[in-house]
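These notes concern the structure reproduced below.
What follows is calculated from the coordinates using simple rules that are stated; it is not laboratory data. Just so we're clear, the structure is a prediction, and the values are computed from it rather than from any experiment. Quick reminder, even Gly has a Cβ in these numbers, built from the backbone with ideal geometry, and neighbours come from all protein chains shown.
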Amino acid sequence: MPDDLARRVRFDFIRYANCWEDAQLLFEALQPAGKRILSIASGGDNCLALVGEGAEVVAADLSRAQLACVDLKIAAIRELDYDDLLTFLGIRSATDRLAVFERRLRAALPEYAAEFWAERPNALAAGIVHAGKFEAYFRLFRTRVLPLIHGRRTVENLLLARDPGGRRDFYERRWNNRRWRLVFRLFFSRWVMGRFGRDPEFFRYVEGSVADRILARAEHALTTLPIHENPYLEYILTGNFARALPPYLEPARLARIRENLNRITLFEGPVEEAVGNFDGFNLSDIFEYLPPEAGEAVYGKLLEKARPGARLAYWNMLVPRSCPERFRSRVESLDELASRLFELDRAFFYRRFVVEETWG
């Protein structure tokens, strides 16, 4: 990858056990039914969700660890019934996950993935949706930081508040106190998030306050959007997906995923080197990790793989990135669609959602 990102960042462990981008935005942005989509693999959730919406997906990642995470989820979906799947993943309580892995899943995995997970019995025993560095960061927030601000009953009352007006009133009266704002800004600062959550290199091109931007988006998620339907917020505040499931695990979509698991292919390497042509691209927030000239090079290689009318969807978390000026004559920015979808984004870390379409 340009700018030697693979040399600057470690990719030998699971950074994200779940996808922390809202797949619901991708469904409308990419219109995946019947299309071939190139997607960042990450935890695999959104790649699988796109398969459940009728797409053929190539899931690409620099990290073999992330691909092992996707492979294990695929094997678990294929081999386990619904209740056993949620239990094995870590959403429901269990004491026999290692036995399930050895007895039912290990032989269904590629050799590299089987070896990867066999060397990590503690991650398997705890449930793989809790196995990432980013999930550990949220666990630290939930167990060590949040109790300094709000008690368990206050958290539960917020999660149960379904009326938008009531949520806003609760947030202003009970939640948004001085301690919340102070501790939030400290915990979600560039240094703390880089050290315990993401990677310091992911902040190389960030300017300004990281925490203030995330705090403003957190207020939107806590007051404007339905909390009881937000799996990302529920995990952060409670440590699991007890009431709101990620889109790929919703029963109807999961049934479609089971029927079409042969429509997902994994690719190890830079996303722009995946083979073939595509109707859509789920690019996570990869461009903000790169300097502009390197991002332009990656963008250009992806355009070479784009069929007429293909759409590119990606997020800006902290660094503004969009179609480089060089390619403006070949791409239309769908700003109105992107802005409307961004207002509905349940994963509240991001500052912008971008949707672009190649000219037909």
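Could you count how many Lys pairs in the chain have their Cα atoms under 29 Å apart, skipping same-chain pairs fewer than 8 positions apart?
Lysine pairs, 8 or more places apart or on different chains, close enough: 5.
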| Under Karplus coefficients 6.51, -1.76 and 1.60, residue-wise ³J(HN,Hα) of the stretch 336-342 in Hz, glycine/proline x | 5, 4, 4, 5, 5, 5, 4
| field | Computed label-point distance, nm, for sites LYS301 and ASP335 using a 7 Å Cα→Cβ extension | value | 3.0
| request: For ARG139 and ASN122, compute 0.36 nm times the residue count separating them, minus their Cα-Cα distance, and round to one decimal in nm. | output: 4.5 nm
| Counting each DSSP H run of 4 or more residues in the chain as -39500 (n - 2.57), what helix-only mean residue ellipticity at 222 nm follows after dividing by all residues, to the nearest 500 deg cm²/dmol? | -12000 deg cm²/dmol
| said: Counting each pair of different Cα atoms once, what's the Kirkwood radius of the chain in Å, rounded to one decimal? | reply: 21.0
| R0 = 51 Å: FRET efficiency of THR224 with ARG103, Cβ-based, nearest 0.05? | 0.65
| task | Can you put TRP180, TRP117, TRP20 in order of Cβ neighbours within 10 angstrom, beginning with the fewest? | result | TRP180, TRP117, TRP20
| query | What list of ³J(HN,Hα) values in whole Hz, one per residue of the stretch 48-63 in order, does the Karplus curve 6.51 cos²θ - 1.76 cosθ + 1.60 (θ = phi - 60°) give from phi, with Gly and Pro shown as x? | reply | 5, 4, 5, 4, x, 9, x, 8, 9, 10, 9, 9, 10, 7, 5, 9
| message | Show me the GluC sites (Glu not before Pro) within the stretch 202-308 that DSSP assigns to loop and that have at most 15 other Cβ atoms within 10 Å of their Cβ. | response | GLU207
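Just need the relative contact order of the chain here, percent rounded to a whole number, with Cα pairs under 8 Å and 6+ apart.
Working: 610 pairs, mean separation 86.9, N = 360.
About 24 percent, as a whole number.
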| task | For ARG92, enumerate residues with amide H under 5 Å from its amide H, sequence gap 5+ or separate chain, H modeled in the peptide plane. | result | THR87
| task | Could you list which residues have their amide H under 5 Å from that of GLY280, counting only those 5 or more apart in sequence or on another chain, with H placed in the peptide plane? | result | ARG36, LEU38, ARG311
| For the chain, with only Lys/Arg (+1) and Asp/Glu (-1) charged at the beta-carbon, what is the dipole magnitude about the Cα centre, in debye rounded to 20? | 1340
| query | Residue by residue through the stretch 128-137, which ³J(HN,Hα) values in whole Hz follow from phi under the Karplus form 6.51 cos²θ - 1.76 cosθ + 1.60 (θ = phi - 60°), with glycine and proline marked x? | reply | 6, 5, 10, 8, x, 5, 5, 5, 5, 4
| field | Separation of the ARG328 and ARG179 label points, Cα + 7 Å toward Cβ, nm | value | 5.1
| task | Mind checking the stretch 28-126 for GluC sites (Glu not before Pro) that DSSP puts in a loop (not H, G, I, E or B) and that have at most 11 other Cβ atoms within 10 Å? | result | GLU119
| remark: Listed with the fewest Cβ neighbours within 10 Å leading, CYS19, CYS69, CYS323 appear as CYS323, CYS19, CYS69
| So in the chain, what percent of DSSP beta bridges are antiparallel if you round to the nearest 5? | 35
